[in-house]
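Here's the structure we're looking at; comments come further down.
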Amino acid sequence: MPLSFNMHINQNRDMTVMVIDKGGRAHAISQAYENSARVNSIIVVPGNDLISYHRKKEVLVLSDTTERKISQIIELAKKYKVDLVDVAHSTSLELGLVNRLQQEGINVFGPTMEAARLESDKVFARKFMDRFDIPAPKFDVFDSEEKALEYAKGIYRYDSDKSLYVKAAGLCAGKGVIKIDNFEQAKVAIKKMSTLGNAGNKFLIEEALEGEEFTVTIIADGTNYHLFKTARNEKHLRNYDRGPITRGLGAVSPVLDWDKNSMFIKDFEESVIKKTLLGLQEIGTPFSGILSFVVMASQEHGSLVPKVIECNARWGDPEAQVIIPGIKNDYVDVVQACINQKLDRVKIDEDNLTRVCIVGSSRGYPGDTSQVNGKIIFGIQEIIDNPEVHVFGADVAMSNDHFYAHGGRLIHIMSQGKDIVEAKNNAYGAMSRITVEGNNLHYRIDIGWKDAEIIRMKQI
Ligand code: AMP
């Protein structure tokens, strides 16, 4: 924590913004506020140690508080007399931080806990999509292991290797979504639901979709919305889209095949976005904040149709790292217009650059990475001032000017260019300077391959 942090910042007219989040997404959001002419200082709770390192403005990280400690966060917002709180973490949203801040009269950006159920309760989300005719996978809901097993047995009797997903209704840090391909796996996945506490009390078994997955992100003020550039979160652990699904080992924006001006996305606005916002209004929980849809473009009767795999009531991570830096507006103007339900009065501009983000993780991620904790991360100081790249911190700890591994995803290196080939060049150049003591760094070398290939094909 920088001891020089000025406790009197709230006295002057420049804004103090508090961001509730951690990881690379928190870093990218804090950078958007840092670039705002209206912001003087930023507080990130709980953040990570890299967020406050080498910044242009004062950035205070309060890592003693977690995203779960709602009352403590409110006390901190009052103590530092913050002008705006941006709640970007799903757990704080689920626990009603936005509602509580509103009750306290504190200016807050993010959806209420009721609107955030689109993310925090997968059963609610699927039933909502069903009710408002939003295209999504077929699903069934269970609250008993026996009934789920009976159901799975029935399916596998006729189709012994059908792919399905078993999903806990509640948030469980990515551990509640399990793909199954046979009855043996179904038994293990269904049993796992009972080990997930309240999150697994109810669960879904749903059809596994095939196709191209990407993310569509909007900012909505309840009624009006603005569509950001599309992004692709590359979730597989290993190159060639192999290995287990992680929370994301890289991202690209825009996605060439699904540009936001494409017909496919225009259709998506009608079949998904408008119905979602109107549906939420109809049930009395209008959505204000960032809403991201994880979409599958699936073949159906010879044409590609979008289906919603999941809704997130905040920016995706690492999608935020490749979308937010392309927003040309002052971010506070956009956020404040959203809070004031005046998004229709703001024209949001994005640049024409392509961005790629590469995630460096501890060896072992997404499994146990405890053996890497405390190992030195080398090279961050060498690339932090490189104007070609942005370095976003995630599970990083800092002590005596050295950086240490402190979890799964460690750092995100983002770069931009006129196209994906140029963007990749800079990002991978920077990543090649990073190592983790004991050869413990893992990263994919093929992030953005699909878009690079599209460009190369056009050049032939
Ligand atoms: P979720 O937490 O629901 O987003 O699931 C995590 C990841 O699992 C998604 O990003 C997809 O890659 C995959 N996934 C989840 N549900 C489905 C589905 N019904 N069909 C295909 N892939 C899915």
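The values are calculated or read from the model by the stated rules, or taken from the named source; none is laboratory data. Everything quoted here is computed from the prediction, not taken from an experiment. Backbone-built Cβ (ideal geometry, glycine too); neighbour counts: all protein chains shown. SASA here: full protein model, heavy atoms, side chains in, ligands and nucleic acids out. Shrake-Rupley method; radii C 1.70, N 1.55, O 1.52, S 1.80 Å.
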Criterion: surrounded by fewer than 20 Cβ atoms within 10 Å (Cβ to Cβ) and of a type in the set (D, E, K, R) - qualifying residue of ARG345, ARG314, ARG355: ARG345
For the stretch 156-170, enumerate the residues that are at pLDDT 90 or above and either crowded, with 18+ Cβ neighbours inside 10 Å or among the polar types (S, T, N, Q) (or both). TYR156, SER163, LEU164, TYR165, VAL166, LYS167, ALA168, ALA169, GLY170
Output the residues belonging to the stretch 296-309 that are among the charged types (D, E, K, R) and modelled with pLDDT under 95. GLU300
Candidate set from the stretch 82-111 (those that are within 24 Å of GLY197 (Cα to Cα) and not in a loop (DSSP other than H, G, I, E, B)); member that is farthest from the ligand (Cβ to nearest atom): LEU97
What about SER271, is it assigned to a strand (DSSP E or B), more than 17 Å from the chain's Cα centre (by Cα), at negative phi and not aliphatic (A, V, I, L, M)? no
Taking the stated definitions as given, is ASP130 in a helix (DSSP H, G or I), at pLDDT 95 or above and either open to solvent by 60 Å² or more (accessible area, probe 1.4 Å) or in contact with a Phe, Trp or Tyr (Cβ under 9 Å, 6 or more places away or on another chain) (or both)? yes
Among GLN381, GLN321, GLN336, GLN299, the single one that is free of Cβ contacts under 8 Å to residues at least 24 places away in the same chain and either in a helix (DSSP H, G or I) or within 16 Å of the ligand (Cβ to nearest atom) (or both) is GLN381
Of the numbered conditions (1) over 21 Å from the mean Cα position of the chain (by Cα); (2) more than 14 Å from the ligand (Cβ to nearest atom); (3) part of a loop (DSSP other than H, G, I, E, B), GLU114 satisfies every one except a single condition; which is it? (1)
Quick one: ASP140 ticks every box in (1) in a loop (DSSP other than H, G, I, E, B); (2) in contact with a Phe, Trp or Tyr (Cβ under 8 Å, 6 or more places away or on another chain); (3) of a type in the set (D, E, K, R) bar one, so which box is it? (1)
What's the number of the condition ALA430 fails, among (1) open to solvent by 10 Å² or more (accessible area, probe 1.4 Å); (2) not in a strand (DSSP E or B)? (1)
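Residue-wise test of (1) over 16 Å from the mean Cα position of the chain (by Cα); (2) outside any loop (DSSP other than H, G, I, E, B).
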| residue | (1), (2) |
| --- | --- |
| ILE219 | no, yes |
| PRO244 | yes, yes |
| GLY248 | no, no |
| LYS260 | yes, no |
